[in-house]
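The values are calculated or read from the model by the stated rules, or taken from the named source; none is laboratory data. Quantities reported herein were computed from a predicted structural model and do not represent experimental measurements. Every residue, glycine among them, receives a Cβ derived from its backbone with ideal geometry; neighbour counts consider all protein chains shown. Protein only, heavy atoms only, side chains kept; ligands, DNA and RNA dropped before computing areas. Shrake-Rupley method; radii C 1.70, N 1.55, O 1.52, S 1.80 Å.
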Amino acid sequence: MKITSAKFVKGVKGSSDMPADKMFQVAFIGRSNVGKSSVINALTNQNNLAKTSSSPGRTTEINLFLINNSFYLVDLPGYGFAKTSLKNREKLRKLIRWYLIESGLNQKKVFLIIDAELGPTKADMEVLANFEETNKNIVVIANKIDKLKSSDYERAITGIKKIFTGYRIIPFSAKKKIGIKELTSEIF
Ligand code: GDP
């Protein structure tokens, strides 16, 4: 299967905004600036579907995209952006928690994007801890592998695998378009 069409549907802030149809959802979550928009753009083969923004932390809504007229790709707001106010961060945390936990929506997959070079941050581990109370189908995307020197690659990926034991890890580069096939096959 391939992604042949992708269009923005709406920004969602709560239950009443969610479409009532039964199409499945796949969600993308990650720290602000981890490259989430770039991953979504690479996956859908679009240049500007999810805005790659130079000011991280700007998006405060959950963005829904309709893919192939058959399922929703859900772009959650980036977390862990230090420069936003505490109040804003708390609002985002609640919105993300609502969507993933309290909404009762059963996502087909939840893709947690981390920075392959940096490894998981404290904020990433907090999000993962939140998931542990759920039965989510989580796949970890280790983005920006193009930034790793080939001599560091194995060590970095092995380290990530150790931390995320039991989860599928997809080494990825939105920039170099590496890992798209593997990611696509997790969706269909
Ligand atoms: P978001 O805030 O998570 O949506 O992140 P963006 O998609 O806006 O990307 C944040 C920054 O990381 C931008 O400068 C991107 O060009 C860069 N970036 C994203 N993906 C990659 C990647 O695979 N490799 C490299 N080297 N840079 C990337």
Any idea which of (1) crowded, with 17+ Cβ neighbours inside 10 Å; (2) without any contact (Cβ under 8 Å) to a residue 60 or more places away in the chain is the one SER70 doesn't satisfy? (1)
Tell me which residues, restricted to segment 146-177, are open to solvent by less than 20 Å² (accessible area, probe 1.4 Å) and part of a helix (DSSP H, G or I). ILE157, ILE160
Residue selected from segment 75-95 under the condition loosely packed, with under 15 Cβ neighbours inside 10 Å and among the charged types (D, E, K, R), by the criterion modelled with the highest pLDDT: LYS94
Among THR44, THR134, which is closer than 18 Å to VAL26 by Cβ and modelled with pLDDT under 90? THR134
Sole miss for SER5 among (1) of a type in the set (Gly, Ala, Ser); (2) more than 24 Å from ILE178 (Cα to Cα); (3) more than 12 Å from the ligand (Cβ to nearest atom); (4) open to solvent by less than 80 Å² (accessible area, probe 1.4 Å) is condition (2)
Would you tally the residues in segment 13-40 being assigned to a strand (DSSP E or B) and in contact with a helix residue (DSSP H, G or I) (Cβ under 8 Å, 6 or more places away or on another chain)? 6
List the strands (runs of 3 or more DSSP E) inside segment 51-125, counting only whole elements, that have at least 2 residues being within 15 Å of the ligand (Cβ to nearest atom) and in contact with a helix residue (DSSP H, G or I) (Cβ under 6 Å, 6 or more places away or on another chain). 109-115
Where the second residue is open to solvent by 60 Å² or more (accessible area, probe 1.4 Å) and of a type in the set (Val, Ile, Thr) and the first is at pLDDT 90 or above and lies in segment 13-27, which pairs have Cβ atoms under 8 Å and are six or more apart or on separate chains? PRO19/VAL9
